[in-house]
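Below is one structure, written out as C-alpha cells; the observations come after it.
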C-alpha cells in the first residue's frame with residue numbers, strides 16, 4: 001500500500017513539473033511565452049467558442065440548386081455540386097426584440113449627436129401597408145409591441161441587416177473582454193466615438209478604459225501590458241449574413257439523411273419528403289411551415305386552421321430541421337450575402353464556398369497610423385485597388401467577375417454609336433456615373449459594363465431592360481406571403497439591398513475556424 005501511494009506521488013509530481021515547464025519550439029528549441037527567450041507567445045486557446053444564438057453546421061458537398069421542375073422556367077439555379085465549409089448560423093430568424101436591442105444601443109451611442117445614424121437602421125414599419133388591405137395594426141404595433149417580441153423582424157433592408165451583424169459582433173466581443181476583466185464597462189457617458197468596436201480595438205485604437213490587460217512578454221515592451229490580439233484566440237470572428245450556398249446547405253439539413261457518405265434522399269424542403277404536411281403519426285397532416293396555401297387561403301378556416309398563421313409567426317413555432325434550425329422554409333424569406341446573378345454557377349466559377357460579392361478593402365493609413373473617423377470612431381477603409389500585381393485577383397471589386405465584367409460583355413465596344421447613346425444617359429442614372437468614352441471602354445469602370453449588360457438597352461438607352469445591378473441581393477426561403485413553391489430550398493429570388501418589405505427578414509452566420517468536423 002505504501003509503495004502504491006509513493007508511486008502516485010511521483011506521478012503527480014511529474015505531471016506538475018510537465019505543466020510548469022516551458023513550451024518549446026519544435027523549430028528552434030527556444031522557449032515559448034518566456035521573456036528570457038524573446039517572448040514569442042503561443043496561446044492555449046485551440047477551440048472556437050459557439051457565440052450566442054448560433055448553431056454549428058458541419059459542412060460538406062451537396063447538390064446546390066433545384067431538384068424539382070422549374071415551373072417558372074427561370075433556369076437560374078441548375079443543380080451543381082459544391083462544397084460548403086463548416087460554419088455557424090442563427091438557430092432562428094432575428095426577432096423584433098433582438099433588433100430593438102440594436103436600435104436602443106444605437107440611440108444611446110449616437111442618438112443625441114448623430115440621430116441620422118439611428119434613423120438609418122430603424123425598420124420601415126410602413127412596409128406592412130397595402131393599398132387594398134387593412135394592416136395599420138402591424139404598422140403601429142408589430143415592431144414595438146411585446147406581443148411580437150419573438151416574431152421575426154421585417155422592414156429591414158440588406159444594408160440594415162449587415163449593420164446589425166457588425167453591432168452584434170462588437171457587443172459579444174466587448175462582453176468577452178469585460179468578463180475577463182480586460183476592459184471596463186462604463187456606459188454612463190456613452191458616445192459613438194468611444195463605443196467598443198472590434199476592428200478598432202484590434203487595430204490598437206480603442207478609446208475606452210482598459211483594466212487588467214495581458215502581460216506583454218516582449219522584452220522590448222518594458223513591462224507595459226498589451227491589448228488582446230487575434231493571436232490570443234479570445235475574440236470571436238465577425239457575425240455576417242450567410243452566403244447563398246451556406247443558407248441552402250443549412251436549410252436542407254442533410255445530416256439527417258446521410259448514411260456512410262451517401263445522401264439517401266435529396267430533400268426539397270428542410271424536412272424529408274415532398275409534402276408540406278407532417279408524415280409523423282403523432283402529428284400526421286399538420287403543416288410544417290407558415291405559407292399561403294392558395295389565393296385567399298392564408299391559414300385555413302375557422303375551427304380548423306391549417307398552418308395557423310396569416311402573417312408571421314413566432315420564430316420557434318414549427319419543428320426545426322435536422323441541424324436544429326427553425327423556419328428555414330416559410331414565415332419570412334431571408335437575406336443572403338450574395339449579389340444576385342441569373343447564372344448561379346458560371347463557367348470557371350468556384351466549387352468550394354461559392355460567393356458573388358467580394359469587394360476587398362483595407363484600412364486607410366495617415367502618418368503610418370490607421371485612420372479613424374472622429375464622429376463615429378470607426379476605421380476608414382478603402383478598396384485595395386493599389387494591390388493589383390497578383391494572380392488570384394486583379395481588382396478590389398469582383399462583383400462582376402465572369403458575369404458583368406469586360407470579358408463577359410455581350411456588346412461591341414467598338415460600336416461607337418451604341419457607346420455614345422449610353423454615355424449620354426449615364427449622368428442621369430444613379431447607378432451609372434457619368435464617364436468619358438475612354439473610361440467606358442476600359443476595364444477600370446466595372447459599373448458601366450454592368451449597366452450596359454443588365455440595366456440599359458444600348459440601342460435605345462431610355463429603356464430599362466433588366467432589374468439587375470450590383471445592388472441586388474439573393475433572397476431565399478419563402479414567406480407567409482408565398483406559395484409552397486418558394487419554400488423549396490433551391491428556389492432563389494432577388495431584392496434591392498436598399499429596400500425592405502414585410503416578407504423579408506434575416507439571420508446571421510459566422511465562419512468556423514479550425515476543425516471542420518463536429519467534436
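The values are calculated or read from the model by the stated rules, or taken from the named source; none is laboratory data. No experiment lies behind these values; they were computed from the predicted model shown. Backbone-built Cβ (ideal geometry, glycine too); neighbour counts: all protein chains shown.
So residue 219 clears everything in (1) within 27 Å of residue 373 (Cβ to Cβ); (2) in contact with a helix residue (DSSP H, G or I) (Cβ under 9 Å, 6 or more places away or on another chain) except one condition, right? Which one?
Here residue 219 clears every test but (1).
Tell me which residues, restricted to the range 385-415, are farther than 22 Å from residue 469 by Cα and either modelled with pLDDT of 75 or more or loosely packed, with under 12 Cβ neighbours inside 10 Å (or both). Lay out the reasoning, then the answer.
The initial filter retains those residues of the range 385-415 that are farther than 22 Å from residue 469 by Cα, namely 386-392, 414-415.
Selection gives 386, 388, 389, 390, 391, 392, 414.
Right, residue 288: surrounded by 15 or more Cβ atoms within 10 Å (Cβ to Cβ) and either closer than 23 Å to residue 474 by Cβ or in contact with a strand residue (DSSP E or B) (Cβ under 6 Å, 6 or more places away or on another chain) (or both) or not? Even if it seems obvious, please write down each step before you answer.
Details: surrounded by 15 or more Cβ atoms within 10 Å (Cβ to Cβ): yes; either closer than 23 Å to residue 474 by Cβ or in contact with a strand residue (DSSP E or B) (Cβ under 6 Å, 6 or more places away or on another chain) (or both): no.
Considered against the rule, which asks whether it is surrounded by 15 or more Cβ atoms within 10 Å (Cβ to Cβ) and either closer than 23 Å to residue 474 by Cβ or in contact with a strand residue (DSSP E or B) (Cβ under 6 Å, 6 or more places away or on another chain) (or both), residue 288 comes out as no.
Here are the criteria: (1) over 28 Å from residue 357 (Cα atoms); (2) surrounded by 14 or more Cβ atoms within 10 Å (Cβ to Cβ); (3) at pLDDT 90 or above. Tell me which single one residue 198 does not satisfy.
Unmet condition: (1).
Name the single residue, out of those in the range 217-243 being buried (at least 17 other Cβ atoms within 10 Å of the Cβ) and free of Cβ contacts under 8 Å to residues at least 60 places away in the same chain, that is nearest to residue 476 (Cα to Cα).
Among those residues, the one meeting the criterion is 228.
From the set of residues in the range 1-41 that are outside any helix (DSSP H, G or I) and surrounded by fewer than 10 Cβ atoms within 10 Å (Cβ to Cβ), which is modelled with the lowest pLDDT?
Of all residues in the range 1-41, those outside any helix (DSSP H, G or I) come to 1, 21-34, 38-41.
From what is left, the residues that are surrounded by fewer than 10 Cβ atoms within 10 Å (Cβ to Cβ) are 1, 21, 26-27, 29.
On the way: 1: 47, 21: 58, 26: 93, 27: 94, 29: 94.
By that ranking, first place goes to 1.
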